[in-house]
Amino acid sequence: MLSRSSFTSLVVGVFAVYVAHTCWVMYGIVYTRPCPAAADGAAGGCVWPYLARRPKLQLSVYTTTRSSIGAESNIDLVLNVEDFDIESKFERTVNVSVPKKTRNNGTLYAFVFLHHAGILPWHDGKQVHIVSPLTTYMVPKPEEINLLTGESATQQIEAEKQTNALDEPVSHWRSRLTLNVMVEDFVFDGSSLPADVHRYMKMVQLGKTVHYLPILFIDQLSNRVKDLMVINRSTTELPLTVSYDKISLGKLRFWIHMQDAVYSLQQFGFSEKDADEVKGIFVDTNLYFLALTFFVAAFHLLFDFLAFKNDISFWKKKRSMIGMSTKAVLWRCFSTVVIFLFLLDEQTSLLVLIPAGIGAVIELWKVKKALKMTIRWQGLRPKFQFGAYNDSEKKTEEYDAQAMKYLSYLLYPLCIGGAGYSLLNVKYKSWYSWLINSFVNGVYAFGFLFMLPQLFVNYKMKSVAHLPWKAFTYKAFNTFIDDIFAFIITMPTSHRLACFRDDVVFLVYLYQRWLYPVDKSRVNEYGESYEEKSKKKAHRE
């Protein structure tokens, strides 16, 4: 079997190979090899840019309820830019008529044409176009009310009134349409066209050379949930913001891959809101910060795994609770479960929800170990049995109970007062939502106080040898990484502030580790002392 150190080295090695491979793949995406014959002026095998001829272009945006059109019938022109400059960005807001079919949960499509100025799109053999739906289906956000008075923050929308349940999806309007044109005069090698860009390219033969028409692209990553508007049956017009900006070839290829990745997530069951969290990482940050985010996320994954491995190993081998605060373990379990239920109630991104759920299961297992609990089944009824503590463990429990006694004088009035205040002044979806929010606000605001019993036990015993320092170290690295993610991934503000609270607690633990030197006669986290291990080793020899 592999030793723990060699297994860790193996994991770190695999991680390094993964990072290197990912960097190589990303380089292959953003860098495209130009046609070698283009440098010599030869045309053979090269695909040349039509935009190099500097044609006079026009941009037209039409809407229709059909996914394909063959003529100008049954379509509405919503935007026409006659003297379209591909180098100049713009943003315009237009009002779009909403057909009756769309108001009845139908789909409305936008057809974006880039064609020669003065010629209708369907009469222009060198036009390019792209189609994008302007509607999507999503479950509307439940209305929040004051639980005591029944007063709502806003009038509930008509679409929600007409549905039998709030979990039924309704039609939403995409209020933004973001367009890009690849403006580089790049000469492609016809024998090795990138597959990602190829599907957006349209070729024409001009004399002896092959040209590709302007590459038109719709940035779907910019379609965010916050921009969606519910379509009800009385709506006749809705605003549409059309924005345009040029794009480089490297960024275009990267964006295509990211859009395909988000689409794959949705095919695997991610909801529109979950996919929106991923979109936010790409859209709300520049490419350099995005690269930093990738490395941060990779290291977060590594430290998560190592912390998980060492934490499980620590509790699996633990035979004694000497120096360990049982109350702190119980509180950590309670707070982790409450936070998971809160994130679930808030419909938080799966990027945050899944790790929280795994953490809650692990904390429940730790409680079973800390209480020395065994479960025996008598038919279908479980019977719980608890092990006995020795004298040293009872002494630890006395310190633990003493710390909790002092904390209760401060903690309970604050939590009850906060819950009462929120009931009177804050609107919630249900009583369950209020209860979970009250619990989680207590966890976030005063949860660090429940870490104090362990600090108090450390102070009384003048030792920190019983703590799982390897797991603590990896968790500390992740805590500082979480500080970065707190500004990147959408999450409740209270959850974001809790990330910074953990920094302070870990610094106090570090101070105690420096303050209390190692005592080799004191037991470690596995119930063993250094001297006992030395005696066993000498006895074997």
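Between PHE90 and TYR511, the contour length at 0.36 nm per residue exceeds the Cα-Cα span by 146.0 nm. A simple spin-label model places pseudo-atoms 7 Å from Cα toward Cβ; at LYS251 and VAL504 they are separated by 4.1 nm. Listed cross-link partners LYS318/LYS462; LYS208/LYS246; LYS368/LYS462 are compared with a 22 Å cut-off, the Cα-Cα value being larger for LYS208/LYS246; LYS368/LYS462. Note on ASN104 and SER234: the extension gain reaches 45.8 nm, defined as 0.36 nm multiplied by sequence separation minus the Cα-Cα distance. Per residue, the average separation of C-alpha pairs within less than 8 Å and at least 6 apart gives segment 199-280 a relative contact order of 29 percent. Largest accessible area first, the residues GLU363, GLU82 order themselves as GLU82, GLU363 under a 1.4 Å probe with ligands, DNA and RNA left out. As a rough guide to protection, the peptides 431-440, 405-414 ranked by mean Cβ packing within 10 Å, highest first, stand as 431-440, 405-414.
Sorting 118-129, 379-390 by their mean Cβ neighbour count within 10 Å, with the most densely packed peptide first, gives 118-129, 379-390.
For segment 261-405, the gyration tensor built on C-alpha atoms gives a prolate shape. Its axis ratio a/c (a ≥ b ≥ c) is at least 1.5, and a/b is the larger of a/b and b/c. In this simple spin-label approximation, VAL361 and SER264 carry label points 7 Å from Cα along the Cα→Cβ vector, and these lie 2.4 nm apart. Once backbone amide H atoms are built at 1.01 Å from N, VAL96 has LEU238, LEU240 as its partners under 5 Å, excluding neighbours fewer than 5 places away on the same chain.
Extension gain, LEU206 to TYR288, is 25.6 nm, computed as 0.36 nm per intervening residue step minus the present C-alpha separation.
Annotation: peptides 316-322, 506-512, 338-344, ranked by per-residue average of other Cβ atoms within 10 Å with the highest first, follow the order 338-344, 316-322, 506-512.
The values are calculated or read from the model by the stated rules, or taken from the named source; none is laboratory data. Just so you know, these numbers come straight off a predicted model, no measurement behind them. Positions of Cβ are generated from backbone atoms using ideal geometry, with glycine treated the same way; all protein chains shown enter the neighbour counts. The accessibility values were calculated without ligands, DNA or RNA, using every heavy atom of the protein model including side chains. Shrake-Rupley method; radii C 1.70, N 1.55, O 1.52, S 1.80 Å.
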